[in-house]
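Here's the structure, in structure tokens; my notes come after.
The values are calculated or read from the model by the stated rules, or taken from the named source; none is laboratory data. Keep in mind that this is a model prediction, so the values were computed, not measured. Here the Cβ positions follow ideal geometry from the backbone for every residue, glycine too, while neighbour counts run over all protein chains shown.
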Amino acid sequence: MQDRYFQPESLMMTHGYKPELSEGAIKCPIFQTSTFVFNNAEEGKAFFQVAYGKREKKPNEELGLIYSRLNNPDLQILEERLCLWDKAEECAVFESGMSAISTVMLEFLRPGDVMLYSMPVYGGTDHFINKVLPEYGIIGIGFTSDQSTEEILQLVHDKEASEKVKLVYVETPANPTNALFDLSVCREVADRLSSETKEVVLCVDNTYMGPLWQHPLAHGVDLIVYSATKYIGGHSDLIAGAVLGKSKYMKRVRTLRTFLGNMAGPWTGWLLMRSLETLKVRMTQQATNALEVADFLKSHPKVEKVYFLGHLEPGDPQYEIFKKQHTSAGAMLSFDIKGGEEEAFLFLNHLKLIKLAVSLGSTESLAEHPATMTHSDVSDGDRLRLGISEKLVRLSIGVEHFTDIIWDISQALEKVSVVEKEVMLK
Ligand SMILES: *Cc1c(COP(=O)(O)O)cnc(C)c1O
């Protein structure tokens with residue numbers, strides 16, 4: 001029995017792993033195996049009874065190892081460690097963020113159902129909601145961060161969909177503008193659309209802030225999804241996803257994962273365990289750097305506007321949500337460069353240290369142009385409405401020395417003015 005509550009970062013090296021089961025190895029080995037040998041037929045039978053839900057686990061009984069599509073030590077230990085950050089009952093890891101998201105949607109929605117979703121959402125998620133799900137008779141209704149509970153409910157009412165909503169799906173902060181959604185509003189919407197015979201599940205994509213800076217389960221959310229490709233992986237060297245929440249929902253998610261077969265492999269699980277050991281130091285340093293970069297950009301004459309949570313001010317409703325839901329402003333920021341696409345591209349093309357690439361939350365700083373890259377699939381009208389203009393540049397801040405990041409941004413911004421002058425002289 002543990003007589004002290006250890007913080008998650010103190011447990012990331014050891015939690016859930018028993019060296020005596022692996023020749024005393026201090027680190028969990030990679031269990032690169034498809035299947036597991038039973039000691040006898042009775043044991044095989046007992047394991048299957050639990051795995052297929054034919055009997056409940058006995059007290060202290062662990063789920064026996066059967067086959068790597070059902071479970072594998074590298075996934076199981078990783079899942080137990082991921083649970084610690086969000087204080088979740090259960091976790092299931094997937095081979096990508098998209099497979100985590102699509103599995104949740106397929107499990108909680110049926111033909112004829114409606115999903116309410118926050119706008120904007122990640123491009124792949126948007127595609128799945130608006131292009132794939134309609135083929136299965138499932139319709140999405142989008143809402144924005146400035147809409148109140150009553151306005152969102154009215155939206156659903158106007159479409160005669162109140163009886164059909166089964167899932168509320170939220171991504172906050174919204175990518176790339178950092179617009180915040182109030183999770184208590186989302187919870188209220190889900191509750192008011194629920195009835196005795198119909199439970200509306202609330203799911204949050206916590207990729208942008210988690211698992212360190214926002215804990216949606218503590219705000220009444222039912223399920224969290226992650227692209228573990230981002231902060232959790234943190235080194236731009238793998239693709240993975242995770243879903244966390246109460247056992248009641250997770251049993252359903254895990255079962256569908258077993259039969260879709262989209263669990264992560266042992267090697268990815270092992271890499272993620274390695275990443276988790278440094279999660280807090282990486283994310284903390286990234287946030288410290290981001291604050292320095294945001295302050296620098298704010299006062300730069302070539303920059304029109306900076307979108308950074310750390311710059312929100314008291315009195316702004318967004319500030320109130322920020323204070324309630326976040327423990328840090330994070331390491332993602334965007335800014336409007338003075339000009340348009342041409343100026344944004346000049347800036348991006350002259351960066352020397354920061355890499356021009358999509359993705360986020362990694363050790364290296366990244367820059368991209370949402371309007372023509374990550375959000376090019378969003379309709380022109382929606383892009384305009386959501387503030388994703390031609391002059392918007394998105395930055396993901398890494399762990400480099402902040403003075404080097406700022407030097408790079410500064411010299412690239414200078415190039416923008418040099419070329420402008422050349423044009424004017426002609
Ligand atoms: C990257 C990302 C996803 C998709 O994750 P993959 O691991 O690329 O499949 C989903 N949501 C958000 C917010 C993301 O940034």
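Results, tabulated for the structure shown:
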{"quantity": "Filter pass, LEU109 being away from the ligand (no atom under 16 Å from the Cβ) and in contact with a Pro (Cβ under 8 Å, 6 or more places away or on another chain)", "calculated": "no"}
{"quantity": "Single match in ILE337, ILE354 (criterion: in the same structural domain as TYR307 (by TED's automatic domain parsing), in contact (Cβ under 8 Å) with a residue 24 or more places away in the chain, farther than 27 Å from ALA240 by Cβ and among the aliphatic types (A, V, I, L, M))", "calculated": "ILE337"}
{"quantity": "Flag if TYR226 is in contact with a Lys or Arg (Cβ under 8 Å, 6 or more places away or on another chain) and within 13 Å of the ligand (Cβ to nearest atom)", "calculated": "no"}
{"quantity": "Matching option when the condition is within 16 Å of the ligand (Cβ to nearest atom) and among the polar types (S, T, N, Q), among SER184, SER162, SER145", "calculated": "SER145"}
{"quantity": "Unmet requirement for ARG383, which otherwise passes all of (1) surrounded by 15 or more Cβ atoms within 10 Å (Cβ to Cβ); (2) in contact (Cβ under 8 Å) with a residue 60 or more places away in the chain; (3) closer than 24 Å to TYR122 by Cβ", "calculated": "(2)"}
{"quantity": "From the options GLY234, GLY269, residue that is within 16 Å of the ligand (Cβ to nearest atom), among the small types (Gly, Ala, Ser) and touching a Lys or Arg at 6+ places or on another chain (Cβ under 6 Å)", "calculated": "GLY234"}
{"quantity": "Strands (runs of 3 or more DSSP E) within the range 291-370 that include 2 or more residues under 29 Å from ARG187 (Cα atoms) and modelled with pLDDT of 95 or more", "calculated": "332-337"}
{"quantity": "Filtered residues of the range 239-254 (kept if surrounded by fewer than 17 Cβ atoms within 10 Å (Cβ to Cβ) and of a type outside the set (D, E, K, R))", "calculated": "SER247"}
{"quantity": "Selection status of THR284, farther than 26 Å from PHE31 by Cβ, surrounded by fewer than 22 Cβ atoms within 10 Å (Cβ to Cβ) and either in contact (Cβ under 8 Å) with a residue 12 or more places away in the chain or among the β-branched types (Val, Ile, Thr) (or both)", "calculated": "yes"}
{"quantity": "Residue match in the range 174-189 (condition: of a type outside the set (A, V, I, L, M) and over 24 Å from the mean Cα position of the chain (by Cα))", "calculated": "no"}
{"quantity": "Odd one out for TYR122, checked against (1) at pLDDT 95 or above; (2) closer than 30 Å to GLY16 by Cβ; (3) within 16 Å of the ligand (Cβ to nearest atom); (4) aromatic (Phe, Trp, Tyr)", "calculated": "(1)"}
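Rundown of residues vs (1) outside the structural domain of LEU333 (by TED's automatic domain parsing); (2) of a type in the set (Asp, Glu); (3) at pLDDT 95 or above; (4) more than 16 Å from the ligand (Cβ to nearest atom), yes/no style:
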residue: ARG252; (1), (2), (3), (4): yes, no, yes, yes
residue: LEU256; (1), (2), (3), (4): yes, no, yes, yes
residue: LEU260; (1), (2), (3), (4): yes, no, yes, no
residue: MET283; (1), (2), (3), (4): no, no, yes, no
residue: THR288; (1), (2), (3), (4): no, no, yes, yes
